[in-house]
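The next block holds one structure in the form of structure tokens; read it before the comments.
The values are calculated or read from the model by the stated rules, or taken from the named source; none is laboratory data. Nothing here was measured: the structure is a model prediction, and the numbers come from that model. Neighbour counts are summed over all protein chains in view; Cβ atoms, including those assigned to glycine, are modelled from backbone coordinates with ideal geometry. Side chains are part of the model used for accessible areas, which takes the heavy atoms of the whole protein and leaves out ligands, DNA and RNA. Shrake-Rupley method; radii C 1.70, N 1.55, O 1.52, S 1.80 Å.
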Amino acid sequence: MSKKLSVRDLDLKGKRVFCRVDFNVPLDGGEVADDNRIDAALPTLNHLAEHGARIILASHLGRPRGKAKPELSLAPVARRLAQKLDRPVAFAEDCVGAPAGTAARSLQDGGFVLLENLRFHPGEEANKEEFAAELASLADLYVNDAFGTAHRAHASTAGVPGILRPAAAGFLMDLELEQLGRLTGTPESPFVAILGGAKVSDKITLIENLMPVVDSFIIGGAMAYTFLKSMVHPVGKSLIEGDNLTLAKSIMQKAELQGKRFVLPVDHVVTLGDDDNYRTTANVDIAGVEAGADIGPKSVELFASVLASARTVLWNGPLGRFELEQFSNGTRRVGEALAGSGAVSVVGGGDTASAVRKFGLAERMSHVSTGGGASLEFLSGLPLPGVDALSDA
Ligand code: AMP
């Protein structure tokens, strides 16, 4: 991927800038419940304001599916953002048409307007040309700081930067590409990839793309049961992907042929019918009526021993059903081992990012990505339309 133009390179004074941000934040009772994503955009927003740009902010929120849904309005985000920036943030009740046009024209240098939810219009997700042109007509320049939606070819991420040039990356976008890029370039070895979560199928392309650079794969979460079953270990009622058993086996064979370690759990915390009824297994085998919900203590030790000598680590996917306290130990302990390992530690977004934040480990990681799907696709070697659309540096 060629290096992209940065917001730092733009001449901003008096220019209207269409800035795509990721303000897809959780709301609770009409207020912002978690402002991590707002905070992540502040360096770019402050830079734009300090350099005299007239800033038009655009984001999606939730899944309104092309219709205006008052409960998915970005109005509460505008209020929270104004507090954070300590400046007024105007709000346009529609992202196109008269409300957006009037708000954009009224901006002074250093002023902000946040447009209403882009996804209230079907043209956003469909990347409709007319819709992209309407958005583009509001501004002179384009900046994308929404790494979390960079894997989507939507009007605001791919259509608008095709029209508004130059199109630059914001600081968060730059940071994500640099940090995740460290893993696909020439990472310092030993490079360990910890993969977990629910499905093998979601991570196949990732495993294949990382195979040439990784020294060891550590596999936990429900994913592990498909691999264990393919080795004919009994996995009881654990979640597996029956269609992917042959594939799981061939991935492990490929790893072995290339001299890569493939580390699977050696014990488990299993449920016996319901979530309040659980036990730790003595070894890798799971009895007929039981279902694996977390890795066991011996697996934690094994995984921690691999991490102890690692120099670079990618972590994507929780190692158990960490949302429940009784199945959170594996994810928490392995997270602690990673935090204390001294390795460059990069955490893929989504559930894994929530887990490290929940366990108070985020500050101890080298980088916690703000993009779940986007980080997975980037590390899987897939194109990111939102990045490809930007001007080259
Ligand atoms: P993913 O979206 O693929 O990263 O999967 C994340 C989800 O996997 C989380 O919600 C976890 O609760 C879930 N998960 C992790 N381990 C297990 C397991 N052993 N059984 C069922 N679900 C799991």
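Name the helices (runs of 4 or more DSSP H) wholly inside the stretch 309-393 in which the number of residues that are out of contact with any Pro (no Cβ under 9 Å at 6 or more places or on another chain), open to solvent by 10 Å² or more (accessible area, probe 1.4 Å) and within 13 Å of the ligand (Cβ to nearest atom) is 2 or more.
By residue number, 372-379.
Of all residues in the stretch 140-160, which are open to solvent by 20 Å² or more (accessible area, probe 1.4 Å) and either part of a strand (DSSP E or B) or of a type in the set (A, V, I, L, M, F, W, C) (or both)?
Start the filter on the stretch 140-160 by keeping residues that are open to solvent by 20 Å² or more (accessible area, probe 1.4 Å), which leaves 140, 151-153, 158.
Across the stretch 140-160, the qualifying residues are A153, A158.
Considering V214, V232, which residue is more than 15 Å from the ligand (Cβ to nearest atom) and open to solvent by less than 30 Å² (accessible area, probe 1.4 Å)?
Being more than 15 Å from the ligand (Cβ to nearest atom) and open to solvent by less than 30 Å² (accessible area, probe 1.4 Å) holds for just one of V214, V232, which is V214.
What are the pairs, 6+ residues apart or on separate chains, where a residue within the stretch 278-304 that is touching a residue at least 60 places away in the same chain (Cβ under 8 Å) has its Cβ under 7 Å from a residue that is β-branched (V, I, T) and more than 13 Å from the ligand (Cβ to nearest atom)?
S299/V266; F303/I218; F303/V263
Quick one: is L118 aliphatic (A, V, I, L, M), in contact with a Ser or Thr (Cβ under 6 Å, 6 or more places away or on another chain) and touching a residue at least 60 places away in the same chain (Cβ under 8 Å)?
yes
Scan the stretch 317-374 residue by residue and report those that are among the polar types (S, T, N, Q), without any contact (Cβ under 8 Å) to a residue 60 or more places away in the chain and under 30 Å from D274 (Cα atoms).
Q326, S328, S354
What number goes with the only condition from (1) aliphatic (A, V, I, L, M); (2) in the same structural domain as R332 (by TED's automatic domain parsing); (3) touching a Pro at 6+ places or on another chain (Cβ under 8 Å) that A167 does not pass?
(2)
Within the stretch 169-207, can you find the residues that are more than 16 Å from the ligand (Cβ to nearest atom), free of Cβ contacts under 8 Å to residues at least 60 places away in the same chain and either over 22 Å from S354 (Cα atoms) or aromatic (F, W, Y) (or both)?
Within the stretch 169-207, G185, T186 qualify.
Considering only the stretch 77-95, state which residues are open to solvent by 10 Å² or more (accessible area, probe 1.4 Å) and of a type outside the set (K, R).
Selection gives A82, Q83, L85, D86, P88, V89, A90, F91, E93, D94.
For N283, all conditions in the list (1) in contact with a strand residue (DSSP E or B) (Cβ under 8 Å, 6 or more places away or on another chain); (2) in a loop (DSSP other than H, G, I, E, B) hold save one; what is the number of the exception?
N283 satisfies all of (1) in contact with a strand residue (DSSP E or B) (Cβ under 8 Å, 6 or more places away or on another chain); (2) in a loop (DSSP other than H, G, I, E, B) except (1).
Only one of (1) open to solvent by 40 Å² or more (accessible area, probe 1.4 Å); (2) within 27 Å of G372 (Cβ to Cβ); (3) in a loop (DSSP other than H, G, I, E, B) fails for R182. Which number is that?
(3)
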